[in-house]
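The values are calculated or read from the model by the stated rules, or taken from the named source; none is laboratory data. Keep in mind that this is a model prediction, so the values were computed, not measured. Glycine gets a Cβ as well: all are built from the backbone with ideal geometry, and neighbour counts include every protein chain shown. Just so you know, the surface numbers come from the protein's heavy atoms only, side chains and all, with ligands and any DNA or RNA stripped out. Shrake-Rupley method; radii C 1.70, N 1.55, O 1.52, S 1.80 Å.
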Amino acid sequence: MTQLNIEKPIDLLRRLPIDREVLLIAPAGCGKTQALATRAAALIQQGSVRSPRRLLALTYSNKARDNLRVRLRSELPASAQQLVQVSTLHGFAGRVTAAHGRCLGLDMTRTLPEQGALRRLRRDAGISYQNSDYVDGILTRHKRNAGIDDQALLDALADSGCREAVAYEQALRAEGRVDFDDMLRYGARLLKLERVARLYRQHFAGALVDEVQDLSLLQLEMIESIGERRVTYAGDPEQGIYAFAGAEPASIFRRLREREPELVPLTVSYRSSPAVLRAVNALASGTGAPVLTCHDSTKWAEDCAFASLVSTNEDAEARHLLRFIRDYMHGYPERSIGILTRGNRRLSYLLPVLTHAGLTFQDWSVPTHVPSVMALLRRHAAAACADPGSPTTHGERLVELCTADAALGDVTTHDEVRSAVDILLDQVTPGVPLSQVVARMPTPQQPDRPVAPGLHVLTGHAGKGQEFDLVIIVGLEDGKIPDFRATTSVAIAEERRVLHVMLSRAKHSLLITRIENETRTPRWVAPAKRSPWWDLLAEVATEIGARPAR
Ligand SMILES: Nc1ncnc2c1ncn2[C@@H]1O[C@H](COP(=O)(O)OP(=O)(O)OP(=O)(O)O)[C@@H](O)[C@H]1O
């Protein structure tokens, strides 16, 4: 493996030929996504890629895809910006399945996962909140094995002894449906067919892949069969937080390193202030992870801070946070604030308080807040509701029109549109038809800014690859961070990485919170144990009280 310390990494990326495989490996905020955009621009400039259409850029989530699009815009000439094919892995696998699924004998009218139907099948198969982690783990593990066909999959599930997984899979096959794991499985299986892989190989001159630590080996094989050695990979082992969903960061990095790519390490943070890096480095201490240094500590204003807040209970915390957030928004109206949690329960205290005080926020778990989905719904609402019909008929028509308008095989958008329409249909009342409900949805954020100024509420997982001026991490108690379901040392290590991802989303400032007493039921309040990582962080934080400083 070549390790280059002499040449500046970015200059090297600009110079390397397209058939030199590259692995960009760096801690959070060191510019991996930006460097991928630089590499894309360089490949086009070198003439290695005849048309930007022939460059494939893959990410894991929709937000990461939007983020990469924005970065490409900053590096590419206007004529090329829209042409680079930026997709999520699921979206790309969906596109391959939609185009070639017949080769596997798939029912082509059902090659996109339908969330409603999948929920029904799961319920009927006995998959519930209590056993879903266990059953999903078994399904995901088996489905991510590229080599097995449908019958072999059923046999393997039967051997696992998990009745619910077998029942679900049988029902899925009986209805000719696919779920999200199937999308990847079929996409990968199709790309194992030389005649299919050749088509994509010939079309795409090169590929860029962000967040490789989230890939499964099956997904990596899918990319390899298209890109061969003309791929630039970017990732960070410390941000591997999807092992529960089948990601295999250790195997992925091992396999990539065995291929002897040009290893391009990036080592300084462009994202975070020294105050934020103090927290990130405190959490990393003792894990062997590299210590992050700030690219230019003089550019950060004095008001950057890392603070901790301890409250007696959830209500007190919500009140403190309301004051803090109001103050911050008043002082810095142009900044973004991300409230990050590990789960939703704590939000049931905080969000009503914010709403009651008139603060608006973008809830990332609600698909009606996804700008691309909102744009589709707005575009087609009038046509979908033009003919007489029930709200459900209008809703179905709206889903059809939006899906037809989304990119071919864009499974994630399809799924989000359907979930959004379900939510909107709940708001239809006798005097307020669906078209009107769509019309009164909040205005989409600026499309060229994946994170707009103002308040955002999201989970640590959803925040991956994103950044906010201020990050507030709520609920550093044992059972929340780490999640109570993490019982093995491997699972707890992944929880620490989730916290690392949350901390490292912050640019200027960071606030962590915990409560001393937790309301388990309206009549049962129990002492809350601090997170095992609280002391480590609190030691380097400034403690704030009821009237916090910025
Ligand atoms: N060379 C650079 N000069 C100035 N700013 C940069 C540079 N590279 C990246 N940045 C900025 O630093 C921030 C972090 O960059 P980026 O998101 O690319 O990092 P990353 O390594 O992909 O982070 P993560 O792993 O957390 O997703 C962004 O705001 C980006 O605009």
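Points to keep in mind about this one:
- Remark: the chain carries 43 Å² of accessible area per residue (probe radius 1.4 Å; ligands, DNA and RNA excluded).
- Added length on full extension, which subtracts the Cα-Cα distance from 0.36 nm per residue, W524 to S251: 93.8 nm
- Spatially near lysine pairs across the chain, Cα under 18 Å, sequence gap of 8 or more or different chains: 10
- Cα centroid of the stretch 7-58 to Cα centroid of the stretch 90-130, whole Å: 34 Å
- Normalised by the number of residues in the chain, the mean separation of alpha-carbon contacts (under 8 Å, six or more apart) gives a relative contact order of 20 percent.
- For the stretch 114-177, relative contact order (Cα pairs under 8 Å, six or more residues apart, normalised by length) works out to 42 percent.
- Summed side-chain charge close to T393 - residues other than T393 whose Cβ falls under 11 Å, Lys, Arg +1, Asp, Glu -1: -2
- Base-10 log of normalised Debye intensity for the chain (one unit scatterer per alpha-carbon) at q = 0.08, 0.11, 0.13 Å⁻¹: -0.56, -1.11, -1.54
- Here the spin labels are modelled as points 7 Å beyond Cα on the Cα-Cβ line, and at Q115 and A375 they lie 2.0 nm apart.
- FRET efficiency estimate (nearest 0.05) - Cβ-Cβ, A357 to E260, R0 41 angstrom: 0.10
- At R0 = 51 Å, FRET efficiency that the Cβ-Cβ distance of Q45 and N131 yields, to 0.05: 0.45
- 222 nm mean residue ellipticity, helices alone, for the chain (DSSP H n ≥ 4; -39,500 (n - 2.57); rounded to 500): -14000 deg cm²/dmol
- Stretched out straight at 0.36 nm per residue, the stretch from I423 to R14 would grow longer than its current Cα-Cα span by 142.6 nm.
- Note on A152 and A439: their simple-model spin labels are 5.6 nm apart, each label 7 Å out from Cα toward Cβ.
- Antiparallel DSSP beta bridges within the chain, as percent of all bridges there, nearest 5: 10 percent
- A full extension of the chain between S79 and V268 corresponds to an added length of 64.8 nm, given 0.36 nm per residue minus the alpha carbon distance.
- Theoretical FRET efficiency, 1/(1+(r/R0)^6), r = Cβ-Cβ of L536 and R163, R0 30 Å, to 0.05: 0.10
- At q = 0.22 Å⁻¹ the log10 of I(q)/I(0) for the stretch 367-439 amounts to -0.88, computed by Debye summation with a single uniform scatterer per C-alpha, solvent ignored.
- Based on alpha-carbon atoms, the Kirkwood radius and the radius of gyration of the stretch 1-97 give Rg/Rh equal to 0.96.
- Placing Y332, Y270 in order of accessible area, with the largest value first and a 1.4 Å probe, yields Y270, Y332.
- Of the GluC sites (Glu not before Pro) in the stretch 252-345, those whose Cβ has at most 11 other Cβ within 10 Å and which sit in DSSP loop: E302, E334
- Atom-type composition of the exposed protein surface of the chain places 52 percent of the accessible area on carbon and sulfur (1.4 angstrom probe).
- For the pair R326 and H295, label points projected 7 Å from Cα toward Cβ lie 3.7 nm apart.
- Whole-Å distance, taken between Cα centres, linking the stretch 271-320 and the stretch 138-206: 42 Å
- Accessible-area value, E228, 1.4 Å probe, nucleic acids and ligands omitted, Å²: 90 Å²
- Normalised by the number of residues in the stretch 191-312, the average gap of Cα pairs under 8 Å and 6 or more apart makes the relative contact order 21 percent.
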